[in-house]
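Undergrad: Let me give you the structure first, and then I'll get to my questions.
The values are calculated or read from the model by the stated rules, or taken from the named source; none is laboratory data. Since this is a predicted model, take the numbers as computed values, not measurements. Note that we place each Cβ from the backbone using ideal geometry, even for glycine, and neighbour counts take in every protein chain shown.
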Amino acid sequence: MTVTLIGAGNVGFHLGNRLFKKGIVVREVYSRNLENAAHLANKIKAKAINDLAKISPASDLYIIAVKDDAIASVSEQLSQVEGMRENLVVHTSGAAASSNISNYFKNYGVFYPLQSFSKTRKVAFSTIPICIEAGRKKDRKLLRKLGNKISQKVARISDTERAILHVAAVIVNNFTNHLFHIGQTITEKEQIDFDLLKPLIQETLLKIENLPPYEMQTGPARRNDKKTIKKHLKYLQKFPEYAQLYTLLTKSIQDAYRR
Ligand SMILES: NC(=O)c1ccc[n+]([C@@H]2O[C@H](COP(=O)([O-])OP(=O)(O)OC[C@H]3O[C@@H](n4cnc5c(N)ncnc54)[C@H](OP(=O)(O)O)[C@@H]3O)[C@@H](O)[C@H]2O)c1
């Protein structure tokens, strides 16, 4: 199987390296910026290109890993390359509908790795769920086969399910990470070592391996310790934005246990 990667950002970088490691030939890597394309392409023995019009139509699969808002325009440009029309083209987005591609290619799909990727951080790829979808059975089979080469978990997920999963993913990952950032901002501002909180952060994550998060909730909102909540809000007067978030989340926790 030969693959062309369109996009050399966080996902392009990790996916490209994983495919290469598993012996899948990545023919070309495209990025608007040739240096970005070359940085990845050189590592995985692919050709770097920065002109979509020059993409070879000879690959078995085209993976578009550009920012969500650019998927449709990249698909459109790709569809104008001679010999491309019959090719299988997928994107890697949790949020974008497959119509971003199916509007331009009759053989379309999605290959969404459900993980948070940063170029600077290694990931355990074999544990990452790959959510696949495609218009044709034959293409679903191909995507499943590719997914199984790079991960232990491949699941067919519809556009609707994927969009919902993505909302949940943003809440559990992006929002949680933002709360870690707030914790760090507060402790650093007060010259207290943020590392003191790390075992607590780790335990929070470990606990939900076996038990539902609902059962694992502790703290003043869960216990409805009004005096403590008041004290926290008084302290947070110096961070009005965080005070708002604290109030909102406290109410959400209290509501969950009132039902
Ligand atoms: N990061 C994650 O954790 C994650 C996880 C799962 C899925 N995804 C999905 O994977 C896709 C890529 O995300 P990412 O995090 O890898 O993004 P990223 O690191 O920001 O990289 C974005 C890529 O898009 C290209 N790009 C941006 N605007 C473009 C345009 N108008 N035309 C052509 N190319 C354009 C950039 O090219 P240049 O280098 O030329 O600027 C870059 O290669 C998105 O659909 C995202 O939803 C991301």
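Undergrad: Filter the range 81-131 down to the residues that are touching a residue at least 40 places away in the same chain (Cβ under 8 Å) and among the aliphatic types (A, V, I, L, M) and list them by number.
TA: Correct list: Leu88, Val90, Ala95, Ala97, Val110, Leu114, Val123.
Undergrad: Within the range 27-84, how many residues are among the β-branched types (Val, Ile, Thr) and part of a helix (DSSP H, G or I)?
TA: So in the range 27-84, the residues among the β-branched types (Val, Ile, Thr) come out as 29, 44, 49, 55, 63-64, 66, 71, 74, 81.
With part of a helix (DSSP H, G or I) added as a condition, the list becomes 71, 74.
Selection size over the range 27-84: 2.
Undergrad: Scan the range 32-76 for residues that are under 25 Å from Leu142 (Cα atoms), within 7 Å of the ligand (Cβ to nearest atom), free of Cβ contacts under 8 Å to residues at least 40 places away in the same chain and surrounded by 18 or more Cβ atoms within 10 Å (Cβ to Cβ) and jot them down.
TA: Ile71, the sole residue that qualifies.
Undergrad: Could you please give the count of residues in the range 136-167 that are aliphatic (A, V, I, L, M) and outside any helix (DSSP H, G or I)? Explain how you work it out, then say what you get.
TA: Going through the range 136-167, the residues aliphatic (A, V, I, L, M) turn out to be 142-143, 146, 150, 154-155, 157, 163-165, 167.
Adding the requirement that they be outside any helix (DSSP H, G or I) leaves 154-155, 157.
Total satisfying the criteria: 3.
Undergrad: Looking at the range 126-138, which of its residues are in contact with a Leu (Cβ under 7 Å, 6 or more places away or on another chain) and within 15 Å of the ligand (Cβ to nearest atom)?
TA: Scanning the range 126-138 gives Ile128, Pro129, Cys131, Ile132.
Undergrad: Select from the range 168-196 the residues that are assigned to a loop (DSSP other than H, G, I, E, B) and closer than 26 Å to Ile24 by Cβ and list them in ascending order.
TA: Residues of the range 168-196 that are assigned to a loop (DSSP other than H, G, I, E, B), as a first pass: 190-193.
Listed by number, the list is empty, since nothing qualifies.
Undergrad: For residues that are more than 10 Å from the ligand (Cβ to nearest atom) and among the small types (Gly, Ala, Ser), scanning just the range 99-125, find the one that is nearest to Val172 (Cα to Cα).
TA: Once the filter is applied, the top-ranked residue is Ala124.
Undergrad: Taking the conditions exactly as written (more than 10 Å from the ligand (Cβ to nearest atom) and buried (at least 21 other Cβ atoms within 10 Å of the Cβ)), does Ala96 satisfy them or not? Quick ask: steps written out before the conclusion?
TA: Numbers: more than 10 Å from the ligand (Cβ to nearest atom): no; buried (at least 21 other Cβ atoms within 10 Å of the Cβ): yes.
Spelling it out, it is not the case that Ala96 is more than 10 Å from the ligand (Cβ to nearest atom) and buried (at least 21 other Cβ atoms within 10 Å of the Cβ).
Undergrad: Also, I was wondering about something else. Of the residues in the range 85-117, how many are in a loop (DSSP other than H, G, I, E, B) and either of a type in the set (D, E, K, R) or in contact with a helix residue (DSSP H, G or I) (Cβ under 8 Å, 6 or more places away or on another chain) (or both)?
TA: Applying the first criterion (in a loop (DSSP other than H, G, I, E, B)) to the range 85-117 yields 85-87, 92-98, 103-107, 114-117.
Now drop any that are not either of a type in the set (D, E, K, R) or in contact with a helix residue (DSSP H, G or I) (Cβ under 8 Å, 6 or more places away or on another chain) (or both), which leaves 85-86, 92-98, 103-107, 114, 116-117.
Here the count works out to 17.
Undergrad: Follow-up question, since we're still on this one. Could you say whether any residue in the range 13-24 is basic (Lys, Arg), over 20 Å from the mean Cα position of the chain (by Cα), in the same structural domain as Ile71 (by TED's automatic domain parsing) and within 12 Å of the ligand (Cβ to nearest atom)? Working first, answer last.
TA: Just the residues of the range 13-24 that are basic (Lys, Arg), to begin with: 18, 21-22.
Still in the running and over 20 Å from the mean Cα position of the chain (by Cα): 21-22.
Remaining after also requiring in the same structural domain as Ile71 (by TED's automatic domain parsing): 21-22.
Among the residues that remain, those that are also within 12 Å of the ligand (Cβ to nearest atom) are: none.
The answer is no, given that none of the residues of the range 13-24 is basic (Lys, Arg), over 20 Å from the mean Cα position of the chain (by Cα), in the same structural domain as Ile71 (by TED's automatic domain parsing) and within 12 Å of the ligand (Cβ to nearest atom).
Undergrad: So Lys119 passes all but one of these: (1) touching a Pro at 6+ places or on another chain (Cβ under 8 Å); (2) under 17 Å from Asn10 (Cβ atoms). Which condition number does it fail?
TA: (1)
Undergrad: Among the residues of the range 218-238, are any assigned to a helix (DSSP H, G or I), in contact with a Leu (Cβ under 6 Å, 6 or more places away or on another chain) and surrounded by 13 or more Cβ atoms within 10 Å (Cβ to Cβ)? Talk me through it step by step, then tell me what you get.
TA: Step one: of the range 218-238, the residues assigned to a helix (DSSP H, G or I) are 220-223, 226-238.
Checking which are in contact with a Leu (Cβ under 6 Å, 6 or more places away or on another chain) leaves us with none.
The answer is no; no qualifying residue exists.
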